[in-house]
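Report on the structure given below.
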Amino acid sequence: MKPLIELKDITKEFSGQVVLRGIDLEINSNEFVTLLGPSGCGKTTALRIIGGFIEPSSGEVLFDGKDIRDVPAHKRPTNTVFQRYALFPHLDVFENVAFGLRVKSQEFKDQYKIDLVVEKYKELIKNEKDPAKKRALRREVTRKAQLIKDPNFELKQQIQEYKQKIKDLKNDPEYLESKKTNINKAYKLKEQIEEIKLELSTLSPRDEGYRQVKKEKQAEIKKLNEEIKQLDLRSFYRQEIKNLKRQFETRKTRERDLEIKVFHYLKLVGLQGFEYRSVDKLSGGQQQRVAIARALINEPKVLLLDEPLSALDLKLRQEMQYELKELQREAGITFIFVTHDQEEALTMSDKIVVMNQGEIQQVGSPEDIYNEPINRFVASFIGESNIVEAVMIDDFEVEFDEVVHKCVDKGFSRNEKVEVVIRPEDIEILEKGMGKFDGVVDSVAFKGVHYEIDVLTKHRAYTIHTTDFHPEGKEVSITFDPDDIHVMEIW
Ligand SMILES: Nc1ncnc2c1ncn2[C@@H]1O[C@H](COP(=O)(O)OP(=O)(O)OP(=O)(O)O)[C@@H](O)[C@H]1O
Ligand SMILES: [Mg+2]
C-alpha cells in the first residue's frame with residue numbers, strides 16, 4: 001500500500017538554529033500516528049510543515065505520492081486542532097462548529113476538487129489513442145468540473161433539453177399540423193372537466209357514499225388533465241421545467257444541510273444539547289470538543305492535533321482519549337497527534353514516532369516501542385525503566401553487575417559495550433538468596449494498582465512494580481527471565 005503522507009529528509013532551521021534534522025516518515029491512510037517527545041523537540045514544527053503553515057528548509061512532503069510544496073494550507077486535505085485552541089467567544093457552540101464550514105471558502109474547496117479531477121483525467125486523455133474517445137473524455141472532464149462548480153448544473157442541463165424541445169416543436173410540421181386538432185381535443189376535455197367540477201359542487205356531504213364519489217370524480221379530473229398535457233406538449237414541457245427549478249439548491253437548502261451536519265458532529269463529540277450554549281460557559285474539555293467538532297466537520301482526510309488534551313484533568317483526558325480513538329476509527333480519518341505524554345501515546349496510537357532534539361529516534365507500534373526500545377532515550381522516555389550498562393559476552397549472553405545472564409539477543413560483536421533495559425513489572429522479588437541479586441528494600445510507594453519498590457543491590461537500585469507488599473528494610477532477592485532483558489546498542 002502506498003503511504004498517504006511521506007516526509008522525505010525534512011530539515012527546518014529558524015534563523016540558523018536547526019530544529020528538525022533529516023526527518024523521514026511514512027503515514028498510511030486511516031492510521032493513528034503520534035509524534036511523541038519532550039518539549040522543544042520539534043513536534044509542533046513537524047505538524048505545521050505537514051499542514052502547510054510553514055515551509056521546510058529542505059526536503060519534501062508528499063501527499064498520495066505528489067510533492068505538495070506549492071499547495072497552501074487551506075488547499076491541503078488536512079485540518080488542524082491547534083495547541084492553544086481558539087474558539088469565538090461571541091458565537092455559540094453551533095456557530096463555532098458551523099464556522100468551519102462557512103469559512104472554508106467554497107471556491108477554494110471547489111477549485112481543489114476540480115484540480116484533482118483534471119489531474120486524474122490528464123493521464124487518461126494522454127494515454128488514449130482513439131481521437132473520438134479522447135474527445136469524449138475531454139467532454140466528460142469538462143462536465144465533471146462544471147458539476148463541482150454549480151450544484152444545480154445537472155438540473156440546468158435537463159432544463160436546457162426541455163427548452164430545446166420547445167424550440168424544436170416550433171419547426172415540427174407534424175406538431176404544428178396536429179396542434180389545431182389537439183387544441184380542439186384539449187378544449188373538449190377541458191369542458192368535460194368543468195362538467196365534473198359542476199357535479200362535484202352539487203354534491204352534499206350528507207349524500208350517500210359522498211366520499212367515495214368525490215374521490216372518483218377527482219381521479220377522473222386528474223386523468224383528463226394528464227391527457228390534456230399530452231395533447232399540449234409545449235405546456236407539458238413548461239410544467240416540467242417548473243418542477244425542475246423547484247429542486248434547485250438554494251441558500252435555504254444549504255442552511256438546512258449545514259444544520260444536519262453540525263448536529264451530527266456535535267453528537268459525535270458528545271455535545272448533543274449544547275448547541276446554543278455560549279462557548280465561554282463551557283468547561284475546558286467541552287471547549288476542546290467544540291474545537292475538534294469544528295475541525296471534523298470539514299471532513300478532512302487528515303486531522304492534525306497538537307496536544308489537544310493537554311488542558312484537561314486526568315479523568316476527562318482519559319475519557320477524551322477514548323472518544324477520539326473511537327472517532328478516528330468510525331470516521332476513517334488519518335490522525336496525526338502530538339503529545340509529550342507517553343501514556344497517552346501508548347493507549348491511542350497505531351504508530352508512535354519518538355522524537356528528540358529534532359530527530360526521529362524510533363518509529364513503531366506501541367508494543368514495539370515499549371518492549372523493544374532502540375536506545376536509552378526511548379527506553380527512559382517510554383515508561384519507567386531500569387537501564388544498566390552491560391557487555392555482550394557472546395550471542396545470548398550478557399554481563400552486568402558482575403554476573404553473566406542468559407538473554408535472547410544476538411548479533412552484537414563479542415565484548416561489545418551495550419545497555420540493557422529491564423521493565424519494573426518484569427522483575428520479581430524473592431526471598432533472600434533465591435534470586436539473581438540480593439538486596440534491601442530501600443523505598444515503597446503505593447501507586448494505586450501496584451507498589452513501586454526500590455531494591456538496593458550491591459551495584460545499583462532496581463525499581464520494581466509488584467502487587468505484593470514488602471516493607472522498607474526487608475532483605476530480599478530479585479530475579480528476571482532471559483526474555484525480560486532487552487539489549488540495546490549504545491548511540
Ligand atoms: N517560529 C519560530 N521561530 C524560531 N524558533 C522557533 C519557532 N518555532 C519553533 N521554534 C523553535 O523550534 C524548536 C522546536 O519547537 P516546537 O514548537 O516544534 O517544539 P515542540 O516539540 O512542539 O515542543 P512543546 O512540546 O513544548 O510544544 C524550539 O526550540 C522552538 O523554540
Ligand atoms: Mg508543541
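Each value in this text was obtained by applying a stated rule to the coordinates, not by laboratory testing. Predicted, not measured: the structure shown is a model, and the values here were computed from it. Glycine gets a Cβ as well: all are built from the backbone with ideal geometry, and neighbour counts include every protein chain shown.
So who's got an amide H within less than 5 Å of the one on GLN362, skipping anything under 5 residues away but keeping other chains? H placed 1.01 Å off N, in plane. For GLN362, the qualifying residues are VAL354.
Helical content alone sets the calculated 222 nm signal of the chain at -14000 deg cm²/dmol, taking -39,500 (n - 2.57) per DSSP H segment of four or more residues and averaging over every residue.
Excluding same-chain neighbours fewer than eight residues apart, the lysines reachable from LYS281 by a Cα-Cα span under 24 Å are LYS261, LYS267, LYS315.
Going by neighbour counts of Cβ atoms within 10 Å, the residues TYR451, TYR112, TYR210 line up, fewest first, as TYR210, TYR112, TYR451. Amide H contacts for SER57 (H built 1.01 Å from N in the peptide plane; partners 5 or more residues away or on another chain; cut-off under 5 Å): THR11, LYS12, GLU13. Here the Karplus curve 6.51 cos²θ - 1.76 cosθ + 1.60, taken at θ = phi - 60°, turns the phi angles of region 54-62 into couplings of 9, 9, x, 6, 8, x, 10, 10, 10 Hz, with x standing for Gly and Pro. Note on region 387-445 and region 277-350: Cα centroid distance 40 Å, given to the nearest whole angstrom.
Pull out the extension gain between LYS188 and VAL71, defined as 0.36 nm times the separation in residues minus the alpha carbon to alpha carbon distance; nm, one decimal. Don't skip to the answer; put the middle values down first.
Details: separation 117, 0.36 × 117 = 42.12 nm, distance 6.75 nm.
Taking 0.36 nm per residue and subtracting the Cα distance, the gain is 35.4 nm.
Here's the list of lysines a cross-link from LYS120 could span, going by alpha-carbon distance under 22 Å and ignoring same-chain residues fewer than 8 apart: LYS2, LYS66, LYS75, LYS109, LYS129, LYS133, LYS134, LYS144, LYS149, LYS301. Note that region 357-374 has calculated 3J(HN,Hα) couplings of 6, x, 10, 7, 8, 7, 10, x, 5, x, 5, 4, 5, 6, 7, 10, x, 7 Hz, one per residue in order, obtained from phi through the Karplus relation 6.51 cos²θ - 1.76 cosθ + 1.60 (θ = phi - 60°); glycine and proline are x.
On a 0 to 90 degree scale, rounded to 10, what angle separates helix 93-103 from the longest Cα axis of the chain? It is inclined by approximately 70 degrees. Assuming R0 = 35 Å, can you tell me the calculated FRET efficiency for the pair ILE54 and GLU402, based on Cβ-Cβ distance, to the nearest 0.05? Between ILE54 and GLU402 the formula returns 0.10.
Phi angles across region 440-450 convert, under the Karplus curve 6.51 cos²θ - 1.76 cosθ + 1.60 with θ = phi - 60°, into 3J(HN,Hα) values of 10, 5, 9, 7, 9, 9, 7, 10, x, 9, 9 Hz, Gly and Pro given as x.
Normalising by the residue count of the chain, find the relative contact order in percent from Cα pairs under 8 Å and 6+ residues apart. Once normalised by length, the contact order is 18 percent.
State the extension gain, in nm to one decimal, for the chain segment bounded by ALA331 and LYS180, taking 0.36 nm per residue of separation less the distance between their alpha-carbons.
Details: separation 151, 0.36 × 151 = 54.36 nm, distance 6.21 nm.
Contour length minus the Cα-Cα distance gives 48.2 nm.
Computed packing ranks the peptides 215-227, 166-178 as 215-227, 166-178, most packed first, by mean other Cβ atoms within 10 Å.
In this structure, the amide hydrogen of CYS407, modeled 1.01 Å from its nitrogen in the peptide plane, lies closer than 5 angstrom to those of GLU397, VAL398, counting only residues at least 5 positions away or on a different chain.
Please give the FRET efficiency for GLU389 paired with GLU13, using the beta carbon to beta carbon distance and R0 = 45 Å, rounded to the nearest 0.05. It would help to have the intermediate numbers written out before the result.
Values: r = 35 Å, r/R0 = 0.78.
It comes to 0.80.
Taking every C-alpha pair closer than 8 Å and separated by at least 6 residues, the mean separation divided by the residue count of region 384-489 gives a relative contact order of 30 percent. The alpha carbon centroids of region 90-162 and region 176-211 are separated by 49 Å. Of the chymotrypsin sites (Phe, Trp or Tyr not before Pro) found in region 223-274, those that fall in a DSSP loop while having at most 13 other beta-carbon atoms within 10 Å are PHE248. Of the residues HIS465, HIS450, VAL476, the one whose Cα sits farthest toward the positive end of the charge dipole of region 415-491, with +1 on the Cβ of Lys and Arg and -1 on the Cβ of Asp and Glu, is VAL476. Compared with the dominant Cα axis of the chain, that is its longest principal axis, helix 153-170 is turned about 20°. In loop segments of region 385-423 as defined by DSSP, the trypsin sites (Lys or Arg not before Pro) with at most 14 further C-beta atoms inside 10 Å of their C-beta are LYS410, ARG414.
With both labels modelled 7 Å from their Cα along Cα-to-Cβ, the ILE196 to ARG238 distance reads 2.2 nm. Counting DSSP beta bridges in the chain, what percent are antiparallel, to the nearest 5? Close to 75 percent. For region 33-93, the list of chymotrypsin sites (Phe, Trp or Tyr not before Pro) that fall in a loop by DSSP and count at most 15 other C-beta atoms within 10 angstrom is empty. Relative to the longest principal axis of the Cα atoms of the chain, the long axis of helix 314-331 makes an angle of roughly 50 degrees. Using a 7 Å offset from Cα along Cα-Cβ at GLU475, what residues in region 428-444 end up with backbone N under 19 Å from the label point? Correct set: 429-443.
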